[in-house]
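Only one structure is covered here, and it is reproduced in the block below.
Coordinate-derived values only; no laboratory data. Worth saying up front: this structure is predicted, and the values here are computed from it rather than measured. When we count neighbours, we look across all protein chains shown, and the Cβ atoms used for this are built from the backbone with ideal geometry, even at glycine.
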Amino acid sequence: MSSIVYSMPCSIDIPSTTTSDIKRHFTNSIQINKDNNNNKLVASFRGRPLDGEQLNIPNDYIGILANSSKYVSSFDKLTYFNLDCSTSKNDCIARSIEWLSLAKILHE
């Protein structure tokens, strides 16, 4: 699985026929937050500060990217960002990934 998946705290309306240079405009701005022991990430998008964290999808699951109910790609890691606040275990995305492991235990 080679897809890089970012969850951003915004909506970006780009027509499907337009390609953007994500590496030049966003990916190159991602850095490890050295002030934090958890190796969380910092970046900026259009001058706005973002705090991020990479989450691993549990082993028995696969993340799927779909567009209009069509399979696009799969992934095993997800990097999500918050606007102007640190990531935490209470974020919806982090809780949903944690729930996957808990759901498996409950259904065994």
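Annotations
- Contact order relative to length of segment 6-106, as percent, for alpha carbon pairs under 8 angstrom and 6 or more apart: 25 percent
- The convex hull around the C-alpha trace of the chain, projected and averaged over every direction, spans 8.5 square nanometres.
- Of 77/104; 34/89; 40/104, pairs whose Cα-Cα distance is over 23 Å: 40/104
- Rounded to the nearest 20, the size of the Cβ-charge dipole of the chain about its Cα centre is 240 debye, with Lys and Arg at +1 and Asp and Glu at -1.
- Formal net charge of residues neighbouring residue 58 (Cβ-Cβ distance under 10 Å; K, R +1; D, E -1): -2
- Taking N as its residue count, the alpha carbon Rg of segment 46-93 over 2.2 N^0.38 Å: 1.39
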